[in-house]
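Report on the following structure.
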Amino acid sequence: MDPLAALGAFSATAALLTVTPGPDTALVLRTAAVEGARPAMAAGCGVVGGVLAWGLGAAVGLGAVLAVSTAAHAALCIASAVYLVYLGLVMLRGALNRGQVTGQGEDGSTPERRGRACWTAQPAPCCSASACAWHSVEPRAGAAVFASGAGRPMIAPKPEAVALSVPLNALRAFEAAARHLSIKAAAGELGVTPSAVSHQLRLLEEALGSELLRRVGQRLELTEPGRALAPELSAGFGRIVDAVAAVRGQRSAGPLRLSLAPTFAVHWLSPRLGDYPFERPGFALLLSTTQALVDLAAGEADAAVRHGRGEWPGLLACRLFEETLALFGAPGRPDLAAAKLFLSRHREAAFAAWNATLPGGPVRPVAVTIVDSADLALRAAIDGAGVTLAACEVTAGDVAAGRLVPLFDHRVPADAGYYLVYPPALRRDRRLRNLRGWLLEQAARMPVEARLMPA
């Protein structure tokens, strides 16, 4: 058999093994396209594939007729050519004449939601999940993915904000008036005048284009639209009330979570905790120390004791005491000419002011070490490593215990102090009121303790 005859036989056999036309045949043109690809690309693929198949079949058939040596070989090559021509015509017809080229999947998804496109030549079921291009879609960041159909992933668009088309105050006014069937009672509940309630009702009726309440003699009656709207509003406002009460209940139950600056907690509060009535109802505490300012509005703690000037936006601040500063060291009066100064980074300007006003001239330590907290500087002084500038009110307990002594009878105001801070929502919280009263009582003793410190 000559080469062209062999080629014709091979082509026919391969075609018969791979494609068998029948009533259920669905030619699927799968195109991995960029988002927003035009469906015309699918038609182009069909045209190109059909022309190539038709041309190949014609070439094989013509070559076979000219080159074969036997009638059997010629018949086989011609059959192969006819089949290829038929395949090309089917592809052309599917893409151009009756094919339904679409950028929409059978589940209604679109290229914008799939990220890829899949076009079918007939409205037949799509290919299997492992074969079709849109089954390998990767979700966009921030989009919700859910299953549809035969496990096919789809990407849902981000939810849009719901804009209320009517005033919320008008809805509140109508809900109260509908519940009481009285403008005066609704005004009393909302804390406004009856004329204000009537004005809100008129705004709502104008916005909806329907009459909601009708006066019949001396009483009010709900119209049909009013009867439909009132219970839904009552249920909605009820859910809001329940949600707020649940959040408020979570914050008011259990011990009060108190965030503390480490210096305050260790040197001022700790020596006094023996007098705190933990066993009494409403006095339970959960204490934590941190240098960071916790977010009280977000519920990271219920309240905090902070150092500063009492200015924290969105929070209420109760001053416990202002500070006065002095130089402290371990007992034994260290040699100041050879002393090392440990200074909180928040105290650098205060030390310069204290040193500049020191009677007899400033001290000149051999070394100055800046640390990130006053607590660390105090610990270094207590351990005899050097001296530090600290608040007399905070160090009173250490002085009384003999761990520290003031090195000079020279004190300067710090222009700052310690404050109990908390969100306005906890203003009436019993636990907070109990803690605030106890802290203020303890802080009231501070001037006496400061005066009794030995010089």
Filter result (under 19 Å from SER234 (Cβ atoms) and surrounded by fewer than 13 Cβ atoms within 10 Å (Cβ to Cβ)) within the stretch 162-183: LEU164, LEU168
Residue in the stretch 392-411 that is at pLDDT below 90 and polar (S, T, N, Q) present: no
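A quick yes/no check of all residues on (1) under 13 Å from THR263 (Cβ atoms); (2) surrounded by fewer than 21 Cβ atoms within 10 Å (Cβ to Cβ); (3) under 43 Å from the mean Cα position of the chain (by Cα):
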| site | (1), (2), (3) |
| --- | --- |
| ALA377 | yes, no, yes |
| ILE382 | yes, yes, no |
| THR388 | yes, no, no |
| ALA391 | yes, no, yes |
| VAL394 | yes, no, yes |
| GLY402 | no, yes, no |
| PRO406 | no, yes, no |
| HIS410 | no, yes, no |
| ALA414 | yes, no, yes |
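Collect the residues in the stretch 329-345 that are outside any loop (DSSP other than H, G, I, E, B), of a type in the set (A, V, I, L, M) and modelled with pLDDT of 90 or more, keeping them in residue-number order. Explain how you work it out, then say what you get.
The initial filter retains those residues of the stretch 329-345 that are outside any loop (DSSP other than H, G, I, E, B), namely 329, 336-338, 340-344.
When the remaining residues are screened for being of a type in the set (A, V, I, L, M), the result is 336-338, 341, 343.
Result: LEU341, LEU343.
Determine which member of the set ALA230, ALA243 is within 21 Å of LEU164 (Cα to Cα) and either surrounded by 12 or more Cβ atoms within 10 Å (Cβ to Cβ) or among the aromatic types (Phe, Trp, Tyr) (or both). Break it down into steps so the answer makes sense when it comes.
Details: ALA243 fails: either surrounded by 12 or more Cβ atoms within 10 Å (Cβ to Cβ) or among the aromatic types (Phe, Trp, Tyr) (or both).
Answer to the selection: ALA230.
Might you check whether a residue that is part of a loop (DSSP other than H, G, I, E, B) and touching a Lys or Arg at 6+ places or on another chain (Cβ under 8 Å) occurs anywhere in the stretch 312-326?
So far as the stretch 312-326 goes, yes, one or more of its residues are part of a loop (DSSP other than H, G, I, E, B) and touching a Lys or Arg at 6+ places or on another chain (Cβ under 8 Å).
Being of a type outside the set (A, V, I, L, M, F, W, C), out of contact with any helix residue (DSSP H, G or I) (no Cβ under 6 Å at 6 or more places or on another chain) and surrounded by 12 or more Cβ atoms within 10 Å (Cβ to Cβ) is the filter here, so list the residues in the stretch 260-301 that pass it. Full working, then the answer.
First pass over the stretch 260-301, keeping only residues of a type outside the set (A, V, I, L, M, F, W, C): 262-263, 267, 270-272, 274-277, 279-282, 288-291, 295, 299-300.
Narrowing the set further to residues that are out of contact with any helix residue (DSSP H, G or I) (no Cβ under 6 Å at 6 or more places or on another chain) leaves 270, 274-277, 279-281, 288, 290-291, 295, 299-300.
Within the stretch 260-301, SER270, TYR276, SER288, THR290, GLY299, GLU300 meet the criteria.
Is one or more of the residues making up the stretch 431-444 farther than 22 Å from ALA317 by Cα and either touching a Phe, Trp or Tyr at 6+ places or on another chain (Cβ under 7 Å) or exposed (fewer than 12 other Cβ atoms within 10 Å of the Cβ) (or both)?
First pass over the stretch 431-444, keeping only residues farther than 22 Å from ALA317 by Cα: none.
There is no residue in the stretch 431-444 that is farther than 22 Å from ALA317 by Cα and either touching a Phe, Trp or Tyr at 6+ places or on another chain (Cβ under 7 Å) or exposed (fewer than 12 other Cβ atoms within 10 Å of the Cβ) (or both).
Only one of these is on the phi < 0 side of the Ramachandran plot and not assigned by TED's automatic domain parsing to the domain that holds GLY397: LEU260, LEU220. Name it. Before you say what the answer is, go through the steps one by one.
Working: LEU260 fails: not assigned by TED's automatic domain parsing to the domain that holds GLY397.
Within the list LEU260, LEU220, the selection yields LEU220.
The values are calculated or read from the model by the stated rules, or taken from the named source; none is laboratory data. What you see is a predicted model; the values in this text were computed from it and never measured. Here the Cβ is made from the backbone with ideal geometry for all residues, glycine too, and neighbour counts use every protein chain on show.
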